[in-house]
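Single-structure report; data block below.
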There are 2 protein chains.
Amino acid sequence: MPFPQTEIPGRLQSQLSERGVRMTAQRRAILSVIETAKKHLDASSILRKAQKMDATVDRSTVYRTLELLKRHGAIDELDLMHMEGERHFYERKTGRDHLHMACLRCGKITEFESELFEDLKKQLERDCRFHILVARLEVGGYCAACRK
Amino acid sequence: MPFPQTEIPGRLQSQLSERGVRMTAQRRAILSVIETAKKHLDASSILRKAQKMDATVDRSTVYRTLELLKRHGAIDELDLMHMEGERHFYERKTGRDHLHMACLRCGKITEFESELFEDLKKQLERDCRFHILVARLEVGGYCAACRK
DNA sequence: ATCTAGTTGCGACTTAGTTGCAACTAGAAC
DNA sequence: GTTCTAGTTGCAACTAAGTCGCAACTAGAT
């Protein structure tokens with residue numbers, strides 16, 4: 001996941017406030033969990049971590065907040081090839097899109113940015129006259145370490 | 001979805017038989033539903049349609065058969081940007097990969113094949129030394145008709 | 001200090017998919 | 001054709017993931 005060293009903590013929160021989104025203690029807890037995540041988190045991990053900061057946070061608030069963040073284009077939702085279960089994972093949306101490679105043997109998730117990915121999106125915008133809001137490219141297979 | 005006019009009906013079935021997969025009446029029904037689908041179907045639509053051919057087909061058999069087909073690389077699983085609900089959609093896997101564009105306004109799904117997509121996959125294989133088994137590119141946004 | 005539209009926790013619910021098990025069966029071996 | 005067995009099935013009960021209606025609460029504007 002993208003952890004730009006330049007990211008200011010609380011950036012996500014102020015970004016939303018500026019957009020007129022009301023801030024609550026529960027939202028602050030959830031946002032800070034997402035902002036400081038060291039790996040891709042699913043809804044129930046976000047809930048668990050958020051409850052450590054504010055014990056009142058409820059499951060439904062997490063889902064509602066994730067919906068809100070998706071609508072505002074602040075996070076991306078991933079499936080990571082549904083390697084275990086059907087849950088979704090979330091990550092902060094940063095400037096540039098990247099794709100996810102999921103190793104089906106060791107479970108490692110690798111991210112990759114590519115100019116070709118950008119070109120492909122441009123091609124869709126142009127040739128299909130499709131206005132892209134989200135683009136999700138997930139690849140399943142074997143990583144360098146797992147392929148013999 | 002890809003409906004190659006050249007596809008021989010029952011092709012999927014013989015492809016699996018050759019691989020040593022045991023054929024049952026239930027599997028034949030499910031395979032024929034998938035082969036003749038005119039649009040992307042989810043598990044419960046496949047169940048409903050398969051039951052019209054063989055009333056004994058059970059939900060769990062559909063899920064188990066979809067698992068089998070995925071393992072054999074005979075079908076691809078799609079999320080279609082989870083536009084409504086969390087269910088998955090399935091389509092026959094044909095030679096060439098294609099991407100799916102989902103219009104978030106009208107719900108239309110458009111498929112697109114692109115040399116750039118192939119190039120991008122080649123880049124991953126080469127630069128990341130990642131052995132690709134499945135590649136799923138889904139795009140959400142507004143189609144030509146819905147963008148003003 | 002007041003007001004209200006937006007937000008919350010709760011609990012009950014839905015939807016999608018999984019599992020253990022006894023009964024059944026495809027297809028290989030004779 | 002008969003036998004045999006590993007693979008497959010339906011069933012019913014279950015889990016996991018997410019949704020929703022509603023009364024109570026509250027952020028932030030006035």
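Descriptive notes on the structure:
- Taking segment A:124-139 and a reference point 7 angstrom along Cα→Cβ of B:Glu118, no backbone N atom is nearer than 13 Å.
- In this rough spin-label picture, where each label sits 7 Å from Cα along the Cβ direction, the B:Arg147-A:Lys148 distance is 4.8 nm.
- For a straight C-alpha distance cut-off of 17 angstrom, the lysines reachable from B:Lys148 (same-chain residues fewer than eight places away being disregarded) are B:Lys108.
- B:Lys38-A:Asp127 FRET efficiency (beta carbon distance; Förster radius 25 Å; 0.05 resolution): 0.50
- Put a dot 7 Å past the Cα of A:Arg28, heading toward its Cβ, do the same for B:Thr94, and the two dots end up 5.5 nm apart.
- Closest-to-axis residue of chain B (Cβ criterion, axis taking B to A), whole Å: B:Leu137, 2
- Cβ-placed point charges (K, R +1; D, E -1), dipole of chain A about Cα centre in debye, nearest 20: 400
- Degrees between helix A:43-53 axis and first principal axis of chain A (Cα, 0 to 90, nearest 10): 40
- Per residue solvent-accessible surface (Å²) - the protein assembly as shown, probe of 1.4 Å: 54
- Pairwise centroid distance, computed over Cα atoms, of segment B:47-99 with segment A:82-129, Å: 23
- Inter-label distance, nm, simple model (7 Å from Cα along the C-beta direction), B:Lys108/A:Thr56: 4.8
- Farthest towards the positive end of the charge dipole of chain B, among the residues B:Val33, B:Phe89, B:Cys143, is the Cα of B:Val33, using unit charges on the Cβ of Lys, Arg, Asp and Glu.
- Based on Cα contacts under 8 Å between residues 6+ apart, chain B shows a relative contact order of 19 percent.
The values are calculated or read from the model by the stated rules, or taken from the named source; none is laboratory data. What you see is a predicted model, and the numbers here were worked out from it, not measured in a lab. Neighbour counts are summed over all protein chains in view; Cβ atoms, including those assigned to glycine, are modelled from backbone coordinates with ideal geometry. What goes into the accessible areas is simple: the full protein's heavy atoms, side chains included, and nothing from ligands, DNA or RNA. Shrake-Rupley method; radii C 1.70, N 1.55, O 1.52, S 1.80 Å.
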